[in-house]
């Protein structure tokens with residue numbers, strides 16, 4: 001199961017942010033005035049599992065507003081899950097990626113591993129936190145809180161393949177209506193993370209919304225990295241052997 | 001100029017504090033020392049084997065508190081042993097240390113007390129064989145992230161860490177061993193320093209302008225410069241003072257400092273790299289077909 005977030009109908013009401021906090025009991029992430037349009041949340045983090053971005057662009061006709069509700073991508077190939085040394089991060093029966101908070105020991109490895117900068121450590125708590133795609137609600141056949149609260153159906157919840165078809169139809173509608181710049185983000189199974197369980201319809205390049213344009217799961221290169229490390233280890237052993245045995249003069 | 005969302009980072013900066021680069025140094029030095037101890041014992045150089053055995057145990061003993069202290073939940077450190085995951089370099093490292101630590105400790109305890117010499121030798125052999133892996137896996141640990149200055153350095157970092165470990169391990173043994181028996185330690189220290197300097201230069205060159213920027217600006221650049229200076233000075237001193245103890249001790253201290261600073265430079269570069277949205281977006285945008 002996953003999310004299709006159609007940013008073309010997002011009105012920036014932040015009901016998703018509020019519903020997520022309420023349902024999941026996520027603590028306050030600070031009452032700040034950031035000075036970045038109507039976004040006073042800033043970014044996804046340990047205590048922000050939905051984040052509505054507000055982009056203001058100067059165009060010929062005045063100001064264009066882009067609003068987008070960001071969330072954990074629940075990657076098909078999830079780096080956070082791969083690098084987690086305790087098994088706290090796991091793949092659920094819904095194909096989502098969830099942290100078991102009773103197992104996480106706060107090693108922090110998932111934090112720099114995530115190519116989207118989603119997961120983070122809560123400093124007063126010591127563990128990492130992120131969107132669970134409302135694992136508890138899913139187990140009771142309920143829609144995740146954010147999708148349930150979204151008044152414009154910008155956030156849609158369902159089986160990923162079904163959402164993919166819906167997204168493709170929506171993209172076609174926008175194209176025929178002459179909306180420039182519309183594109184899907186995360187819907188391609190051939191991308192660097194094998195496609196994401198939560199994907200988006202964006203109206204500009206991903207980086208405009210703070211998203212990486214070509215995310216890659218770091219563990220894709222891990223076999224090559226182990227080989228390089230093995231070569232370096234052999235080099236180190238060779239240097240030691242040469243230093244000890246190579247210099248003996250008799 | 002790449003687009004960004006109000007200049008905010010795309011990635012989250014690593015939450016690891018100074019404990020982690022300090023561990024990279026302690027663990028790496030312990031690994032190289034254990035291998036040096038094994039080789040020295042096989043060559044019949046008892047004084048060198050002794051000092052390297054003790055250095056390995058000291059390094060790995062310092063490593064454990066550093067690793068536990070950095071956890072958000074230190075009381076749960078044993079959760080590391082719930083699973084073995086080859087996809088997680090931290091998991092692989094945990095299991096490596098779970099073998100290497102006790103082996104290096106038993107070897108040193110036997111060396112000091114003279115008790116159970118066979119177990120001591122056997123443990124020293126195990127630690128010596130595991131040492132190179134302990135010294136280099138940490139490079140994979142940082143490279144296996146989304147941080148550009150770390151991930152894109154993946155072809156060089158293991159050699160940087162191998163050289164750094166050899167320089168520090170050789171340097172400490174050089175400082176702790178009587179001059180008559182310290183020849184192999186001196187050669188290891190100088191060869192390690194050369195490898196560390198060459199691999200670091202190759203890494204910075206290979207990263208290119210955009211991704212390698214952290215090594216040329218800010219705190220990471222300062223640390224990298226200090227590391228280079230200490231390593232060069234230490235290697236020169238190791239070569240110069242062949243017969244006397246004082247220059248050997250100074251050389252060892254300088255090489256260890258250079259190795260420690262190299263790890264801190266790598267850690268700082270990763271931090272700076274993660275916080276720079278252009279470092280993340282630029283290379284990704286460049287490899288995509290233009291839209």
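The values are calculated or read from the model by the stated rules, or taken from the named source; none is laboratory data. Note that the coordinates shown come from a computational prediction; the quantities given were computed from them, not determined experimentally. Note that each Cβ is placed from the backbone with ideal geometry, even for glycine, and that neighbours are counted across all protein chains shown.
Of the residues making up the stretch A:159-204, just one is at pLDDT 95 or above, surrounded by fewer than 18 Cβ atoms within 10 Å (Cβ to Cβ) and at positive phi, namely A:194.
If only residues of the stretch B:14-44 that are at the interface with chain A (Cβ under 7 Å from one of its Cβ atoms) and in a loop (DSSP other than H, G, I, E, B) are counted, the one that is nearest to residue B:132 (Cα to Cα) is B:43.
If you go through the stretch A:88-97 one residue at a time, do you hit one that is farther than 19 Å from residue A:71 by Cα, facing chain B (nearest Cβ under 9 Å) and either crowded, with 24+ Cβ neighbours inside 10 Å or in contact with a strand residue (DSSP E or B) (Cβ under 9 Å, 6 or more places away or on another chain) (or both)? Checked against the condition, which is being farther than 19 Å from residue A:71 by Cα, facing chain B (nearest Cβ under 9 Å) and either crowded, with 24+ Cβ neighbours inside 10 Å or in contact with a strand residue (DSSP E or B) (Cβ under 9 Å, 6 or more places away or on another chain) (or both), the stretch A:88-97 yields at least one hit. Looking only at the stretch A:205-230, filter to residues that are over 18 Å from the mean Cα position of the chain (by Cα) and more than 7 Å from every other protein chain (Cβ to nearest Cβ); which one of those is surrounded by the most Cβ atoms within 10 Å (Cβ to Cβ)? That would be A:230. Scanning the stretch A:36-55 for residues that are free of Cβ contacts under 8 Å to residues at least 24 places away in the same chain and under 25 Å from residue A:121 (Cα atoms), we see that the one that is surrounded by the most Cβ atoms within 10 Å (Cβ to Cβ) is A:39.
Residue A:25 satisfies every condition listed in (1) at pLDDT 95 or above; (2) more than 23 Å from residue B:71 (Cβ to Cβ); (3) within 12 Å of another protein chain (Cβ to nearest Cβ) except (3).
Yes/no per residue for (1) under 16 Å from residue B:220 (Cβ atoms); (2) under 13 Å from the mean Cα position of the chain (by Cα):
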{"site": "B:144", "(1), (2)": "no, no"}
{"site": "B:148", "(1), (2)": "yes, no"}
{"site": "B:157", "(1), (2)": "yes, yes"}
{"site": "B:162", "(1), (2)": "no, yes"}
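Against the test of being surrounded by fewer than 24 Cβ atoms within 10 Å (Cβ to Cβ) and facing chain A (nearest Cβ under 8 Å), the options B:146, B:191 yield a single qualifying residue, B:191. Among the criteria (1) part of a strand (DSSP E or B); (2) buried (at least 21 other Cβ atoms within 10 Å of the Cβ), the one residue A:58 does not fulfil is (2). Look through B:219, B:263, B:228, B:243 and report the one residue that is more than 12 Å from chain A (Cβ to nearest Cβ) and not in a helix (DSSP H, G or I). After applying the criteria, what remains is B:243.
Would you mind stating whether residue A:127 is at pLDDT 95 or above, within 11 Å of chain B (Cβ to nearest Cβ), surrounded by fewer than 21 Cβ atoms within 10 Å (Cβ to Cβ) and touching a strand residue (DSSP E or B) at 6+ places or on another chain (Cβ under 8 Å)? It is false that residue A:127 is at pLDDT 95 or above, within 11 Å of chain B (Cβ to nearest Cβ), surrounded by fewer than 21 Cβ atoms within 10 Å (Cβ to Cβ) and touching a strand residue (DSSP E or B) at 6+ places or on another chain (Cβ under 8 Å). Of everything in the stretch B:209-242 that is more than 23 Å from residue B:166 (Cβ to Cβ) and in contact (Cβ under 8 Å) with a residue 60 or more places away in the chain, the residue that is surrounded by the most Cβ atoms within 10 Å (Cβ to Cβ) is B:214. Applying the condition of being within 20 Å of residue A:112 (Cα to Cα) and more than 7 Å from every other protein chain (Cβ to nearest Cβ) to the stretch B:277-291 and asking which residue is surrounded by the most Cβ atoms within 10 Å (Cβ to Cβ) yields B:279.
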